[in-house]
Amino acid sequence: MLVSARSFAEYRAMFALTERDLEQRVLDCPAGAASFVAEAGQRGVDAVAVDRQYAEHREELGLLVERETEFKRELLVKETAGYARAWYADADDMIRQWTANARTFRADIAARPERYLAGSLPELPFAGDSFDLVLSSHLLFSYGNRLGGEFHRAGLLELARVARREVRIFPLVVYDTGARYEGLEPLREELAELGVPSRVERVAYEFQPGADEMLVLSSAGYRAPTRTAPGTAGADDPVRWRHREPRA
């Protein structure tokens, strides 16, 4: 799986983020080396990133992404042939942009380490309702032919658990094939039965052909089962101060 480094502008387009959305507490999961949280912080947005790579490659992840994308240039040229060019003129332009974004990420994770927490689906190190809005790109559905149905179910429910209001997932197509994740509708039906209704929305972003939709989960009515595993909730929550603040 290629660790990405997408920008704040791309996030706004991928997730149809409005100014009102950005007034909320936002979680990016998995965040990789994206510059979203860094740029969001510059705009006064309360955003946090979580990724398993922060556990082992925290200090060097941005640099690793720079080197990996350059090393895989020929593969990226091949894989992105025929892709839309609204965001990247070509593979070299994508590498240039990702490099710049990764450097912004590197600077911010050094300056604001509390905004970048190690963790991964399907168990995140946050208490329930820690964030108002959760964003998740290029993992669920994107690797649908590698990550099984149970992982998707557990992952989506975990995102709903930590989201007070809404979860947005982009895109809905499998990276390797370009086809929509075949288990999407049965999964939506199952989630609805558990108290997590959803809808599919088209967004003003497309790079991979056909990847122009997001799944929106309404998590306000979802009550997750109580956890007993240590280090996942309650006193061990690394951002517990967030959900102790008064909310509108």
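The values are calculated or read from the model by the stated rules, or taken from the named source; none is laboratory data. The structure presented is a predicted model; accordingly, all values stated were derived computationally and were not measured. Please note: Cβ atoms are built from the backbone with ideal geometry, for glycine as well, and neighbour counts cover all protein chains shown. Just the protein is used for accessible areas: all its heavy atoms, side chains included, with ligands, DNA and RNA removed. Shrake-Rupley method; radii C 1.70, N 1.55, O 1.52, S 1.80 Å.
Things worth noting here:
- Single condition residue 122 does not satisfy, out of (1) at pLDDT 95 or above; (2) surrounded by 18 or more Cβ atoms within 10 Å (Cβ to Cβ): (2)
- Hits in segment 155-170 - residues which are under 25 Å from residue 82 (Cα atoms) and either free of Cβ contacts under 8 Å to residues at least 60 places away in the same chain or open to solvent by 10 Å² or more (accessible area, probe 1.4 Å) (or both): 169
- Top-ranked residue in segment 182-218 [being β-branched (Val, Ile, Thr) and assigned to a strand (DSSP E or B); ranked as nearest to residue 156 (Cα to Cα)]: 216
- Filter result (under 25 Å from residue 12 (Cβ atoms), acidic (Asp, Glu) and part of a helix (DSSP H, G or I)) within segment 31-67: 39, 66
- Taken over segment 68-100, the criterion of being open to solvent by less than 20 Å² (accessible area, probe 1.4 Å), in contact (Cβ under 8 Å) with a residue 24 or more places away in the chain and in a helix (DSSP H, G or I) is satisfied by 69, 94, 95, 98.
- Considered as a group, the residues in segment 4-20 that are assigned to a helix (DSSP H, G or I) and in contact with a helix residue (DSSP H, G or I) (Cβ under 9 Å, 6 or more places away or on another chain) include one that is nearest to residue 110 (Cα to Cα), and that residue is 8.
- Filter result for residue 34 (within 14 Å of the chain's Cα centre (by Cα), under 24 Å from residue 146 (Cα atoms) and buried (at least 23 other Cβ atoms within 10 Å of the Cβ)): yes
- Residue check, residue 182 open to solvent by 10 Å² or more (accessible area, probe 1.4 Å) and either free of Cβ contacts under 8 Å to residues at least 12 places away in the same chain or under 16 Å from residue 216 (Cβ atoms) (or both): no
- Which numbered condition residue 103 misses (of (1) modelled with pLDDT of 95 or more; (2) open to solvent by 30 Å² or more (accessible area, probe 1.4 Å); (3) in contact with an Asp or Glu (Cβ under 8 Å, 6 or more places away or on another chain); (4) in a helix (DSSP H, G or I)): (1)
- Just one residue in the set 147, 133, 140 is crowded, with 21+ Cβ neighbours inside 10 Å and more than 23 Å from residue 39 (Cα to Cα); that residue is 140.
- Just one of the numbered conditions (1) without any contact (Cβ under 8 Å) to a residue 60 or more places away in the chain; (2) over 28 Å from residue 128 (Cβ atoms) is not true of residue 8: (2).
- Looking at 41, 62, just one residue is farther than 18 Å from residue 207 by Cβ, touching a Lys or Arg at 6+ places or on another chain (Cβ under 6 Å) and open to solvent by less than 50 Å² (accessible area, probe 1.4 Å), and that residue is 62.
- Residues of segment 102-158 satisfying the condition of being more than 22 Å from residue 57 (Cα to Cα), more than 17 Å from the chain's Cα centre (by Cα) and aliphatic (A, V, I, L, M): 127
- Count of segment 185-211 residues which are under 16 Å from residue 16 (Cα atoms), at pLDDT 95 or above and either in contact with a Lys or Arg (Cβ under 7 Å, 6 or more places away or on another chain) or crowded, with 18+ Cβ neighbours inside 10 Å (or both): 2
- Some residue of segment 47-54 being open to solvent by less than 70 Å² (accessible area, probe 1.4 Å), of a type in the set (A, V, I, L, M, F, W, C) and under 12 Å from residue 105 (Cβ atoms): yes
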